[in-house]
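Following: one structure in C-alpha cells, then a few remarks.
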Amino acid sequence: MATMADLDELALALPETTKELSDDGRPEYRVHVKLFCCQRGRRKDAVDPETGERLDDVLMFRVPDLDVKELLLADERAVFFTTSHFDGYPAVLVRIPELAHLDRDELHDLVAEAWLTRAQKRLAKAWLAEQA
C-alpha cells in the first residue's frame, strides 16, 4: 500500500530531484527545473462525480508516451484517470487515496518513469546503468 510519504521518499531518492511547495503547500517534484510529478490544485476539469466539487487530492505523473498512458488508464483497478485538459498529453492522474491500491514497487516504477521523461539524457543513462 503506497502513501504520500512513499512518493516523497521515492521521488527525492532520484538524482538531482528537487521538491518545491506551491503557495498552498502542494508538492511539486522536478529534475533540472522540469516538472515530472505534482499535486494539482483545484481545477474545473477534475471534479468529484458525486458532489461536483473540484478535487484537491489529484496527483499528476508524466509518462513516456500516449501508449503508456492508455495502458495505465486501462488498468482494471481504475487507479489512473485523465481529464480533457490532458488530452494528447503524456500524463496520468491519480487521486491520493487511490495510492493505497498501488504497492510501493508500482509507485517506484511510476515515479521513476515520470522522472526519466524529464531528466537530462546523460543523467538518465547513468541512473539506468546503476539500476541494471
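Could you identify which residue out of A46, A74, A114 has the top mean-square fluctuation in a GNM of the chain using Cα springs shorter than 10 Å?
Highest fluctuation of the listed residues: A74.
In whole Hz, with x marking every Gly and Pro, tabulate ³J(HN,Hα) for the range 64-79 from phi via Karplus 6.51 cos²θ - 1.76 cosθ + 1.60, θ = phi - 60°.
For the range 64-79, the Karplus curve yields x, 6, 5, 5, 5, 4, 4, 4, 5, 5, 7, 4, 5, 6, 6, 6 Hz.
Using just the helices of the chain, give the 222 nm mean residue ellipticity in deg cm²/dmol: DSSP H runs with n ≥ 4 each add -39,500 (n - 2.57), and the total is spread over all residues, rounded to 500.
-10000 deg cm²/dmol
How large is the Kirkwood hydrodynamic radius of the chain, counting all unique pairs of alpha carbons, in Å?
The Cα-based Kirkwood calculation yields 15.2 Å.
Relative contact order for the chain using alpha-carbon pairs under 8 Å, separation at least 6, rounded to a whole percent?
29
In a GNM of the chain with a 10 Å cut-off on Cα contacts, which of V92, V111, V47 has the highest mean-square fluctuation?
Judging by the Gaussian network model, the answer is V47.
Just the ratio, please: alpha-carbon radius of gyration of the range 79-129 over 2.2 N^0.38 Å, N its number of residues.
1.34
A short reminder: the numbers here are calculations on the coordinates, not readings from a lab. Everything numeric here is computed off the predicted structure, so don't read it as measured data.
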